[in-house]
Structures are given as structure tokens and as C-alpha cells.
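The values are calculated or read from the model by the stated rules, or taken from the named source; none is laboratory data. Worth saying up front: this structure is predicted, and the values here are computed from it rather than measured. We place every Cβ from the backbone using ideal geometry, glycine too, and count neighbours over all the protein chains shown. The area values use the complete protein model at the heavy-atom level, side chains included, leaving out ligands, DNA and RNA. Shrake-Rupley method; radii C 1.70, N 1.55, O 1.52, S 1.80 Å.
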Amino acid sequence: MSDKDQILEILFKEYEQLKSEQAQRIGFRDNLLYVTLGLFGTVVSFAVSNPSNYYALLVIPWVCLILGWTYVVNDEKISAIGRYVRYKLVDKVKEYTGYTDLETLFGWEIAHRSDKHRKRRKIQQLIIDEITFVFSGIVALSIFWVLVSQPPVAVTILSGIELLLLVVLGVEIFIYADLAQGR
């Protein structure tokens, strides 16, 4: 086996490993939505079961922040793997094979980004992510503020911090939405 063949074998193994990591991250990321919804249901049912439990609503923004940030980080890594394959790995393989047709080399990595409905789906996903991780936290805070008329100052400050962090998360979700099409 020549050095060129060995390098190509290594590059294809790297591709397999990256795709495996990407698939695992996709599964983990997508399950975060279900975990988040389950936690919301649990916390809300506890909070509304008794007026003395209204403070439990302040847990929801933290759930949104922690799971939302974990979602964003995984989503970004999924996109980063795709970018690496499209921009670096394809060029390395082209260098060792002489192929120049991107559709021949890792065609799926480029084709799925060129789908005419991709931008619409990505915008819909952005809206779902914002509703799940930002809007629901803000709703929980709003309901808390309506139901608890005179919370202690520390709780008011805490809920203000939660609101600020939710807004920051909303901006981060938007920044990392990867709405671009094509390569």
C-alpha cells in the first residue's frame, strides 16, 4: 500500500469517526427538546398544585438556560463537523485523489444544504428553539411575577438575572442557527 493510499485510508477513517460523532450529537441534541418539555411539565404541575409552590416556576428559566445552552453547543458542533468535512476534508481527499467534482466526493455533505426548503426548515427550527428555550422561560417568569405579588428583593433580582440570561440565550440561538444554504 502506497503512502498516498494510507493517507486516503486515514482520511476516510477520520470521515467515519466524524460522521459517528455527528450522529451521536444529533441524537443527544434532539433528545434535549424532549427532556426540556418533560421537565417543564413536572415543574409546572408541581408549581400549580399549591400556591406555596409558585416559586418552583423560577426553576424553569434555569432549565431553559442549561439545556438550551447545551443544545446550542451541540448544534454548533454538528455544524462544525459538517463545515470541516465540506471545507477541509474534501480538499484533503481531492489533493490525494485528483478528483475535483465536489458532488462525487462527499456529495451528501453539500447536497442536503442546497435543498430548496432548507432555509424555511431552519427558520422553523429557529422558532421552535426560541419558543422552547427562551419564550417558555420568559412565560414562567411572567406567570411567577403575576402570581407572587411581593417576592423578596433577592428573588426579584434573581428573576431579573434569569430574564437577562434568557435574552442572551435567545441571541446565541439566533447567531448559531446556520441559516445559510449551499456549500
* **Filtered residue count, the range 116-126, keeping only those that are open to solvent by less than 50 Å² (accessible area, probe 1.4 Å) and either at pLDDT 90 or above or not in a helix (DSSP H, G or I) (or both)** => 2
* Only one of these conditions is not met by SER2: (1) under 30 Å from THR156 (Cβ atoms); (2) surrounded by fewer than 18 Cβ atoms within 10 Å (Cβ to Cβ); (3) more than 27 Å from the chain's Cα centre (by Cα). Which number is it? -> (1)
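Scanning for something within 29 Å of VAL85 (Cα to Cα), open to solvent by 40 Å² or more (accessible area, probe 1.4 Å), of a type in the set (S, T, N, Q) and under 13 Å from the mean Cα position of the chain (by Cα), does the range 13-21 turn up at least one residue?
No - not one qualifying residue is present in the range 13-21.
Could you tell me whether the range 95-102 includes any residue that is touching a helix residue (DSSP H, G or I) at 6+ places or on another chain (Cβ under 8 Å), among the hydrophobic types (A, V, I, L, M, F, W, C), open to solvent by less than 80 Å² (accessible area, probe 1.4 Å) and part of a helix (DSSP H, G or I)?
Looking through the range 95-102, none of the residues is touching a helix residue (DSSP H, G or I) at 6+ places or on another chain (Cβ under 8 Å), among the hydrophobic types (A, V, I, L, M, F, W, C), open to solvent by less than 80 Å² (accessible area, probe 1.4 Å) and part of a helix (DSSP H, G or I).
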* To do: Name every residue in the range 147-166 that is over 19 Å from TRP69 (Cβ atoms) and among the hydrophobic types (A, V, I, L, M, F, W, C), in order of residue number.
  => LEU147, VAL148, VAL153, ALA154, VAL155, ILE157
* Asked: Is it true that LEU58 is surrounded by 15 or more Cβ atoms within 10 Å (Cβ to Cβ), in contact with a Phe, Trp or Tyr (Cβ under 9 Å, 6 or more places away or on another chain), outside any helix (DSSP H, G or I) and not aromatic (Phe, Trp, Tyr)?
  -> no
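Does at least one position in the range 98-115 carry a residue that is at pLDDT 90 or above and among the aliphatic types (A, V, I, L, M)?
Checked the range 98-115: no residue is at pLDDT 90 or above and among the aliphatic types (A, V, I, L, M).
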* Lone qualifier among VAL85, VAL72 - being modelled with pLDDT of 95 or more and aliphatic (A, V, I, L, M) -> VAL72
* Go through the range 25-55 residue by residue and tally those that are open to solvent by less than 70 Å² (accessible area, probe 1.4 Å) and among the aromatic types (Phe, Trp, Tyr). => 2
* Could you please find all residues in the range 146-160 being surrounded by fewer than 17 Cβ atoms within 10 Å (Cβ to Cβ) and under 20 Å from SER45 (Cβ atoms)? => VAL146, LEU147
* Asked: Does at least one position in the range 31-43 carry a residue that is assigned to a helix (DSSP H, G or I) and in contact with an Asp or Glu (Cβ under 8 Å, 6 or more places away or on another chain)?
  -> no
* Asked: Based on what the data block shows, is ILE110 farther than 25 Å from GLN22 by Cβ and either open to solvent by less than 20 Å² (accessible area, probe 1.4 Å) or over 15 Å from the mean Cα position of the chain (by Cα) (or both)?
  -> no
* Structure fact -> By residue number, the members of the range 76-99 that are touching a residue at least 40 places away in the same chain (Cβ under 8 Å) and not hydroxyl-bearing (Ser, Thr, Tyr) are GLU76, LYS77, ILE78, ILE81, GLY82, VAL85, ARG86, LEU89, LYS92, VAL93
